[in-house]
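In what follows, a structure is listed as structure tokens, so that the remarks can point back to it.
The values are calculated or read from the model by the stated rules, or taken from the named source; none is laboratory data. All of these numbers come straight from a predicted model, not from anything done at the bench. All Cβ positions, even for glycine, are placed from backbone atoms using ideal geometry, and neighbour counts span all protein chains on display. These accessible areas exclude ligands, DNA and RNA; they are computed on the full protein's heavy atoms, side chains included. Shrake-Rupley method; radii C 1.70, N 1.55, O 1.52, S 1.80 Å.
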Amino acid sequence: KKKNIQNNMEIDEEINVAEADRGVTADGEELTEVSTKAKDIDFNDLEDDDDEEAEHDPSKPNYKDVDPESGIRNGFIVEDYNIMLIQVDVGYGTYGHNKFYQIQLIERDDGRLWYQFLKWGRVGMEAPYSKLKSFLDRDAAIKAFKDSFYDKTKNKWENRSRFRQIIGKYQMVDVSGKAAEVNKAVEAEKKRQRIMSKNKSLPSQLDTDITKLIITIWDSNRMTATMRELNIDVKKAPLGQLSQRQIQRGYQILAELQDLLLNGNTREDTLVRLTNQFYTNIPQSFGHNRKLPVINHPLRVKEKLSLLEALTDIDVAQRHLANALPLFERMNPNDAYYHLLRCKITTIPRGSNLFDELQQVLHNNHGPTHDDYKLTLTALYEVERHGENLRYFPFKKFQNKKMLWH
């Protein structure tokens, strides 16, 4: 069995360590305000900073990026000797190449011992292979790091800014959240879940219909299911959090693929090359026994576009949730979720002119070919986004207003 697994994964490294799996009233007349404690919160404080994270100062110890699976608890990354590599080839063998290789150089806090930590396997493995080597000499440890990098990429570490991809070798992948940072985000999410469980009995200021809406919008189970369908592990992205530059590169590759397919260019070698580039930039976990699908049809391009949109959306949602722990500590979780939307949401009461009008529109727009079901308007909400009235004011005098129905 061990031999078969190694053959399937096409990994040529000697297995030194095989780690275990660590592995509201319905009338809508009242404005839905949330408790007074939350009214004083400056939502600008919850906005995500779009600035790039400052580069690490090599003169200061870098503890956060040490991979927890190394087992080193009293060490830090030496300068910038920390890299994630990936190799993708959808046309190789039965299941194709979809493997990663991580190299870290760690210095013990007392400055008397250095470690080279290697981790590798198929993307998404629960228990990847790993190896830890110790060195009494710093220069020897650095040399071992550089040798490993060259062995896997056929590029010199000193020339990585001018990295050239070599066929059959690994390529660098740009991740903005290394292993320790991803684990930190997981722990923050666990803390939020504990607080929510404790505070769910606190009184809510939302009416019943709005509460139902908030629960639907922030349905974490639905988010998780969507991510799994897209072969993404929402608890830990396969190789950390992809950088925005990496995601943007994914969009560019998909645009090129779409142009080729729409123009009738279906040469397999071209499609395989671009597919390899996409999976290299946007790693996905397909398991041990699933071949990576070639992106050779417009529907598959659309599927991958949905993936990139979901990655961006989930990233925004998670960062806002991480910054909003003070909200969850002081109020009912649904009220906290309501505040995060930064919208004033009002229930349109049943029997009102607007409700009846939209119910009729819903009925009139039901296609005659869809006669096997009927649609019923169960709830209607009016949403006013933060600052929207101010943005709309210059156009308020226009009379050609139409309902956008989609």
- Query: Listed residues Tyr392, Tyr338, Tyr373; which is in contact with a strand residue (DSSP E or B) (Cβ under 9 Å, 6 or more places away or on another chain) and either in a loop (DSSP other than H, G, I, E, B) or of a type outside the set (D, E, K, R) (or both)?
  - Reply: Tyr338
- Message: Out of Ile282, Ile247, Ile217, Ile253, I need the residue that is open to solvent by 30 Å² or more (accessible area, probe 1.4 Å), at pLDDT 75 or above and of a type in the set (Val, Ile, Thr). Which one?
- Response: Ile217
- Message: Which residue is most open to solvent (accessible area, probe 1.4 Å), if the candidates are limited to the stretch 345-370 and must be in a loop (DSSP other than H, G, I, E, B) and hydroxyl-bearing (Ser, Thr, Tyr)?
- Response: Thr369
- Message: Quick check on Leu261: is it touching a Lys or Arg at 6+ places or on another chain (Cβ under 6 Å) and surrounded by 16 or more Cβ atoms within 10 Å (Cβ to Cβ)?
- Response: no
- List every residue pair whose Cβ atoms sit under 7 Å apart, with the two residues 6 or more apart in sequence or on different chains, where the first one lies in the stretch 157-170 and is within 18 Å of Ile103 (Cα to Cα) and the second, anywhere, is at pLDDT 85 or above and assigned to a loop (DSSP other than H, G, I, E, B). Phe163/Asn155; Lys169/Lys154
- Query: Which strands (runs of 3 or more DSSP E) does the stretch 91-172 wholly contain that include 1 or more residues that are open to solvent by 30 Å² or more (accessible area, probe 1.4 Å) and among the polar types (S, T, N, Q)?
  - Reply: 129-135
- Item | Residues being over 37 Å from the mean Cα position of the chain (by Cα) and of a type in the set (Asp, Glu) - total across the stretch 362-406 | 2
- Query: Can you tell me which residues in the stretch 379-389 are open to solvent by 100 Å² or more (accessible area, probe 1.4 Å) and assigned to a loop (DSSP other than H, G, I, E, B)?
  - Reply: His386
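Here is a check on your reading of the model: is Leu292 in a helix (DSSP H, G or I) and crowded, with 16+ Cβ neighbours inside 10 Å? Explain how you work it out, then say what you get.
Working: in a helix (DSSP H, G or I): no; crowded, with 16+ Cβ neighbours inside 10 Å: yes.
No: the conditions fail for Leu292.
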- Message: Would you confirm, using the coordinates I've provided, whether Asp315 is modelled with pLDDT of 90 or more and either surrounded by 11 or more Cβ atoms within 10 Å (Cβ to Cβ) or under 22 Å from the mean Cα position of the chain (by Cα) (or both)?
- Response: no
- Item | Selection from the stretch 358-406 of residues that are of a type in the set (S, T, N, Q) and in contact with a Ser or Thr (Cβ under 9 Å, 6 or more places away or on another chain) | Gln359
